[in-house]
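Everything below concerns the one structure shown next.
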Amino acid sequence: MNLRRALIGLCAGLVVVTSGQYAAAEEKLNIFTENYPPYNMSLSGTAFAHKEEDIAGLCTDVVKALMKRTKLDYRLKLRNWATGLSRAKTKPNHAIFCAARTEDREPFFHWIGPLANIDWTLYAKPGSTIKLNNLDDAKKYRIGGYKDDVMSNYLIERGFNVSTMANDSLNPRRLVLDQIDLWVTDGLAGPYVASEEDITDLVPVLTFRHTPLYMAVNVNSDPKVVKTLETNFKAMEEAGEVEAMSKPYEQ
């Protein structure tokens, strides 16, 4: 009888342990980013990265420092933007960075940040004589953009002629080949992406907006995880750590 009770107790204990392990696994934060230098980038030169050590960049530096401070269990992967955004939008304990905080995205996420800021800029090819006094002047031009990117969507919603690509690094080449007249991108990232394609001296024609970037965490994620992220990011920000990490990328 005592042996039977002991076996029952052992089985019950195994169930508890197994359930606890399952819960812990469920609480792991799955974080996605994209190849968008210098904010986030693959060090291997590929469009995807499965290991944290293969992912770098301004926003990545901040997120890695944040996760180290929180001691939360997490997995960091680099994918294309549409894939990462879809998963972060629909799955609890999933997140994506660097994301602009827009009205249409607001209901789906908790927002940690800002991690950095972007300047919405229209670039023309080297030697271009295009002049814009304001954003409306760009309506007569063909504009290249990044698929599902907030800057591209902003222009599309306002009736601009925007042609988007799933791979933003193709847009500088499209500029020099006269397939597009302008490229909408970030003032810091645009020249970096172009230089990777051996294209330099792009002409910044107009900077028309400034936007903070965040880590967007699925709205149905574990509240304790979200609170931990918020508290620790605030501490980093107040200590000046976030600002300090941006300096090397501004030079």
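Brief remarks on what is shown
- Residue count for segment 80-93, restricted to those that are at pLDDT below 95, aliphatic (A, V, I, L, M) and surrounded by 15 or more Cβ atoms within 10 Å (Cβ to Cβ): 0
- The C-beta contact set for segment 88-101 (first residue farther than 22 Å from Asn117 by Cα, second residue outside any helix (DSSP H, G or I) and of a type in the set (A, V, I, L, M), distance under 7 angstrom, 6+ apart or interchain) comprises Asn93/Leu29.
- Checked against the criterion of being of a type outside the set (D, E, K, R) and either under 13 Å from Met215 (Cβ atoms) or surrounded by fewer than 18 Cβ atoms within 10 Å (Cβ to Cβ) (or both), the candidates Ala99, Ala138, Ala124 yield just one match: Ala99.
Rundown of residues vs (1) exposed (fewer than 14 other Cβ atoms within 10 Å of the Cβ); (2) touching a Pro at 6+ places or on another chain (Cβ under 8 Å), yes/no style:
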| site | (1), (2) |
| --- | --- |
| Gly45 | yes, no |
| Phe48 | no, no |
| Lys51 | yes, no |
| Gly57 | no, yes |
| Val62 | no, no |
| Leu66 | no, no |
| Leu78 | no, no |
| Ala95 | no, no |
| Pro107 | yes, no |
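The values are calculated or read from the model by the stated rules, or taken from the named source; none is laboratory data. Remember, predicted model here, so these are calculated numbers, not experimental data. Reconstructed Cβ throughout: ideal geometry from the backbone, glycine too, with neighbour counts over all protein chains shown.
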